[in-house]
Structure formats: C-alpha cells, structure tokens
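Chemist: Below is the structure I would like to discuss, written out as structure tokens.
The values are calculated or read from the model by the stated rules, or taken from the named source; none is laboratory data. Here the structure is a predicted model, which is why all the values come from computation and not from measurement. Note: ideal-geometry Cβ built from the backbone for every residue, glycine included; neighbour counts use all protein chains shown. Just so you know, the surface numbers come from the protein's heavy atoms only, side chains and all, with ligands and any DNA or RNA stripped out. Shrake-Rupley method; radii C 1.70, N 1.55, O 1.52, S 1.80 Å.
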Amino acid sequence: MKKRILAAFLSVCMALPLAACGTSTGSNTSPAAESSAPASSAASSDASKAPESASADSSTLEPVELTWYFPGAWPVPDQDLVFEELNKMLKEKINVTVKFIPTTYAEYNEKMNTVISSGDNYDICFTANWLNNYAINAGKGAFLDLTDLLPEYMPLTYKQVPETFWDAARIKGRIYSVINEQVSARIPDVTVPTEFLTEMGYDLAKEFKANDITSLEPFLAKMKEKYPDKYSLFEITNQAEYLGLEFLGGFAVPGAIDINAGNTTVINQFKAPSFLKFVADLRAFNEKGYLDSNRLITMDPGREESKEKKQIVTMSGTYKPGVEKLQSDMIGFPFTVISSGKPILTTGGIIATMMAINKNSKNPERALMMLELFNANTEGTEHNRFYDTLTRGIEGVHFNYTDDGHIERTQKGLDSYNVSLDWMFASNFQVTPDVGMDLNIWDETRKLNAEATVSPLCGYLFDSEPVKTEVASCSAVIEEYRKQIQYGMLSEDDYNKFLEKLDAAGSEKIMAEMQTQVDAWLASK
C-alpha cells in the first residue's frame, strides 16, 4: 500500500509541466523545487508503473479520512462550508477527506495533552515551541519520525525549505514535524490603530525607541486620560527577541542565552537583567492604569476587543512585510505597525509553527501527501488553490482572484471566514497576496530571514527527556504566575517568591543539563 500511494503521488509530480518544478519568476507562489527530491530505488521503480495522468491517481488510492487538530480564534462563521469545499478538492485529488478539529488557543494545550496521553486516533496536529510543545512530545514518542518520509511524500516541500531549517527541527538527528515556512527571523511588532496616532499627533516610527516600551508612555498617558476604558497589551511570552534572549526550551522552561552578550552561557531568563527591567516596566504600566490587568487576568483578549478599539497598543505579534494590511483586513480598520527592534533568527523562530504526524497514525503517507498540497504548488498553476481556500475561504464567495495576481476578499469574506492564520497550516509563501500587498512580499520575507542576526545556537534543540520531571514542575510554576507577570501584577517581593519556587522546582538542574547539551552540540559542529 505504501508503495502504491507513493507511486500515485510521484506521478502527480511527473505529470506536471517542467516549469512547475522550476523557480517561479512571479511573486504569487514560493519557489518550487527544481526537481523532486530523489526517491528510493524501490519507490522509483514503482513510480515507473504509475498512471500517466494526475487526474487518474485518486482512483488508484483507497479512500481515507484524516483527523487534523489545530488552534486559532475559532469558531468563525462559514468554517464548516470552507472545510466542506476543501474536502471536495482533496477527495478529487488524493481520495482524502479530513475531519478538521479547530480549537481555541486557550484550550489547545490541554486538548492535545488529553488526546496524546489517551492514545486517541488522530493523524495531524499543530506543534511548536510555544504550544503543544514539539521537543517534549517528540521526546516522549508521540510524533512519527519523518526523516525518511519527507523526501518521498513531500518532495517539493522538502526541497524548498532551507536545509538549515530542517536541521533546526532535528532531535538527536531526526525530524518529527513538517516546518511551515514563514517569517522565521523574529522581532515583535508594535501595533496601534492609525486613528489614535492621528488624533494624538504621535509619530510612532519616530517616537518609539527600539526595545524600550517606556518610550510609548507619553502617548499612553494622553490616550488614558481621554479614553480611560482602553488598555494596552504587551505579551511577554512573545518577547524573547525583544529582550535580546533566546529561550532554549520555550517561555515555560527555565534556560536561555543572552544573544547580546555574545556567548552561549545558559542563564535563567527570569533573572536576566533585560527580563527584570521589562517586568518592572510592566509593573509601572499597570500601576498607571495602562494594562487593565484586573480584567485581563481572567480572560484572553479576543478579536472583538480589537474591533471595538479597546486596545491602544499591542505588542504580541511578529513583525513581517505586509503585516499592516493583514491586521487591517482582519480587524476592519487601518493599523500602523512597526518593528520593535532588529530581527533575530533562532531555533525557536524556525520551529514556531509546524505540523506533526501521530506516531500511531494509520495513514501517515496520505497525511504527508495532503500537507504537500498546501505547502507546495503541485498544480503548477499561478495560485495554490488548496492553501488559498484554507486561509481565505471559497473562491467566488469569500474572495476572488484579480487579473494582476492578487486575492481580493469580498465583504462576506471579511465579515465571516477571516481567520488570519496564513502561518498556521503550511508555508506562508503559498498564500496569494491580498490586494494592497506588494506582489514581491514573499521575496521580501525571505530577505528578512536571510539578513537577520543569527543566534549562535540556531539549530540547537533542547532535549528535555533527562530532566522531564523538573521541566514539568517548573512549567507548572511558570504557568501559575504567567499572567500575573504579563500584566504587571507582581510586586518585587512576590516576583522574588516566584523565583524561589522555580529554584525549588529544579531550574538549576534544567539549566545545567542545557549547558551540557549546548557544549556538546557546539563541540560537534
């Protein structure tokens, strides 16, 4: 069966015009591989017997239903209509239908912990360093080893993602997830409704000082005086690069390096001078009423809060070319967006969005074949219609293609299936740019990745298995205090108690293990 699936899929690539396997000179699709990655000799032998036309391939495959878990701001209107349309397309192409299981961000970790620990039958799930932790799950054997399967069942994707990116996803030399290629060089963005800036006569690009949120205080003070019901949001879990740090195990695991220090000494990020200053700044902002912490501690801000213009400044996303247009379309009015400093390329940035296959999936080959359709333009056409449908909705209902190669969203598309998850499911570079975006946007994004400051540990991935008990204990402490830290609610004395709890939970042992691994990794290079 595996050979028959592979033969059928390779025949799809073989049936494409040669131009589809070359580097595109347009800007609507990401450069595809010059040729499919070499398959094994057995697979190549099978491929020679495959049907000649791609349209005949699905009839040679048994029907399969896959289950796919992913987070987001769900539910959204029309999601079932879009999923139904996608299933029609997938059924025709590779005889696959998908049970899509979208989950809120707040519930996703708990949901996947339950699914994985109970051995529930599923095929694909979103994983990252910040949600449904990749290293931890791969380390405990929850995810399938894809190292040998990727070149066979996702040849175009495997070829177009930089080898350095695949290396960043390796755990003990093996790859356990498909990387969703995107802006991987990270720096948080600073986002403000444009009308607020105009009203206050504030030039955000001129007045904001890189890596210093206190430079926003004159603007915040004026806004708070006039609009006491509004607040700002500074998401501390997304601020590693803003602080000049690389969190080696993610925010919820003690252990980081100070990139600005120019060394690879492992430190406790929660004791780092830049982190302590940021916590103190948040504390001061809270005391002055900029954060609305008493309300935020009981809830996660949603899109409706943004639409109601309750947020003054937001620093939680990742700066990337075209983000102003995406933000404005998602919320419904203009935003001004700038970067909070210079981008840094880290392992965490590369593995921030991936898709893993359940180790016990009954159809891993077909799951990878499906992900290939979203990650690489196997049709050889101007648009990747699979990924455009997943991220923009149904053509003719939620969006239309323009003559010059853009996507133009209909009013229904803006009002209903407006998920803003280009980065979530597959390569961001497969999405057709929206009207108003530069058609060269993905070239600009690749340039940003290429020109970023590279962490000295880019490619190193922490193996938590030797200290998994301490990691679990420390993560529980951090989760207990996370929102209080984020919203400036901890006094200095209470913050010191938090640090004491971390030490008691085993933070020093975790960092010692990290240092041992880092030193060994550096020595092996």
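Chemist: Calculate the tail of P(r) for the chain: the fraction of all Cα-Cα distances greater than 39 Å, expressed in %. If you can, show how the numbers build up before the last one.
Modeler: Details: 34204 of 137550 pairs.
When every Cα pair of the chain is considered, 25 percent fall beyond 39 Å.
Chemist: For the peptides 370-378, 281-289, what is the packing order when you average, over each peptide's residues, the other Cβ atoms within 10 Å and list the highest mean first?
Modeler: On the way: 370-378: 26.7, 281-289: 17.1.
Listed from highest to lowest mean packing, they are 370-378, 281-289.
Chemist: With a ≥ b ≥ c taken as the square roots of the eigenvalues of the C-alpha gyration tensor of region 436-525, please select rounded if a/c is under 1.5 and otherwise prolate if a/b is larger than b/c or oblate if it is not? It would help to have the intermediate numbers written out before the result.
Modeler: Values: a/c = 3.07, a/b = 1.40, b/c = 2.19.
Verdict is oblate for region 436-525.
Chemist: Can you run phi through the Karplus equation (6.51, -1.76, 1.60; θ = phi - 60°) for region 98-104 and list ³J(HN,Hα) in whole Hz, with x for Gly and Pro?
Modeler: Working through the residues one at a time gives 10, 8, 7, 10, x, 9, 5 Hz.
Chemist: Where does region 175-290 land on the Kirkwood hydrodynamic radius, alpha-carbon pairs, in angstrom? Display every interim value, and only then the final one.
Modeler: Numbers: mean 1/r = 0.0615 Å⁻¹.
Result for region 175-290, one decimal place: 16.3 Å.
Chemist: How large is the helix-only mean residue ellipticity at 222 nm for the chain, computed as the sum of -39500 (n - 2.57) over DSSP H runs with n ≥ 4, divided by its residue count, in deg cm²/dmol to the nearest 500? Intermediate values should be presented prior to the final figure.
Modeler: Details: 24 runs with 222 residues, N = 525.
Theoretical 222 nm ellipticity from helices: -12000 deg cm²/dmol.
Chemist: Let me ask something else. Using +1 at the Cβ of each Lys and Arg and -1 at the Cβ of each Asp and Glu in the chain, identify which of V253, V178, N109 lies farthest towards the dipole's positive end.
Modeler: V253
Chemist: Read phi for every residue in region 263-270 and hand back ³J(HN,Hα) as whole Hz from Karplus 6.51 cos²θ - 1.76 cosθ + 1.60, θ = phi - 60°, with x for Gly and Pro.
Modeler: Whole-Hz 3J(HN,Hα) from phi for region 263-270: 9, 10, 6, 6, 10, 8, 4, 6.
Chemist: For a 21 Å ceiling on Cα separation, which of these pairs sit above it: K230/K483; K288/K483; K277/K342; K111/K320; K320/K525; K271/K497?
Modeler: Numbers: K230/K483 19 Å; K288/K483 18 Å; K277/K342 19 Å; K111/K320 30 Å; K320/K525 31 Å; K271/K497 12 Å.
Correct reply: K111/K320; K320/K525.
Chemist: Additional query: Checking the a/c ratio against 1.5 first, then a/b against b/c, what shape does the Cα gyration tensor give for region 295-431?
Modeler: On the way: a/c = 1.70, a/b = 1.26, b/c = 1.35.
It is oblate, given that a/c is not under 1.5 and a/b is not larger than b/c.
Chemist: Also: Return the long-range amide H neighbours of D434 (sequence gap of 5 or more, or a different chain), with a cut-off of under 5 Å between placed amide H atoms.
Modeler: I407
Chemist: Report the charge-dipole magnitude of region 293-426 in Debye, nearest 20, computed about the Cα centre from +1 at each Lys and Arg Cβ and -1 at each Asp and Glu Cβ. Walk me through the numbers on the way to the answer.
Modeler: Details: 15 positive and 17 negative charges, 124 e Å.
Charge dipole, region 293-426, about its Cα centre: 600 debye, nearest 20.
Chemist: Of all DSSP beta bridges in the chain, what percent run antiparallel (nearest 5)? Each step should come with its number before you reach the end.
Modeler: Details: 26 of 45 bridges.
Here the share of antiparallel DSSP bridges comes out near 60 percent.
Chemist: With the full set of protein chains in place, find how many percent of the accessible area of the chain is carbon and sulfur; take the probe as 1.4 Å. Intermediate results must be reported in sequence, preceding the final value.
Modeler: Working: 10530 of 20910 Å².
Reported share for carbon and sulfur atoms: 50 percent.
Chemist: Using a 1.4 angstrom probe, figure out how much accessible area the chain has per residue, in square angstrom, rounded to the nearest whole.
Modeler: Values: 20910 Å² over 525 residues.
Accessible area per residue: 40 Å².
Chemist: Which of T237, V467, F83 sits farthest toward the positive end of the charge dipole of the chain, with +1 on the Cβ of Lys and Arg and -1 on the Cβ of Asp and Glu?
Modeler: Towards the positive end, the residue furthest out is V467.
Chemist: Can you give me the Rg/Rh ratio for region 224-336, using Cα atoms for both radii and the Kirkwood formula for Rh?
Modeler: 1.02
Chemist: With a 1.4 Å probe and every protein chain left in place, tell me how much accessible area F425 has, in Å² to the nearest 10.
Modeler: Accessible surface of F425 is approximately 0 Å².
Chemist: Please give the residues of region 184-212, grouped as numeric ranges, whose backbone N is less than 14 Å from a label point set 7 Å along the Cα-to-Cβ vector of S420.
Modeler: Under cut-off, by backbone N: 189-194.
Chemist: Mind computing the radius of gyration and Dmax over the alpha-carbon atoms of region 395-470? Å is fine for both.
Modeler: For region 395-470, the Cα-based Rg and Dmax read 18.8, 57 Å.
Chemist: Can you tell me how region 208-247 classifies by the Cα gyration tensor, rounded, prolate or oblate, using a/c under 1.5 as the rounded cut?
Modeler: Working: a/c = 6.27, a/b = 2.03, b/c = 3.09.
Oblate is the answer for region 208-247, as a/c is 1.5 or above yet b/c matches or exceeds a/b.
Chemist: Quick one: putting +1 on the C-beta of Lys and Arg, -1 on the C-beta of Asp and Glu, what dipole do you get for the chain around its Cα centre, in Debye to the nearest 20?
Modeler: Details: 49 positive and 72 negative charges, 136 e Å.
So the magnitude is around 660 debye.
Chemist: Moving to a separate point now. Projected onto the charge dipole of region 313-467 (+1 at Lys/Arg Cβ, -1 at Asp/Glu Cβ, origin at the Cα centre), which of I331, G436, T381 gives the Cα projection farthest towards the positive end?
Modeler: In region 313-467, that residue is I331.
Chemist: Roughly how many Å is it from the Cα centre of region 421-486 to that of region 260-290, as a whole number?
Modeler: If we compute the Cα centre of each part, the gap is 20 Å.
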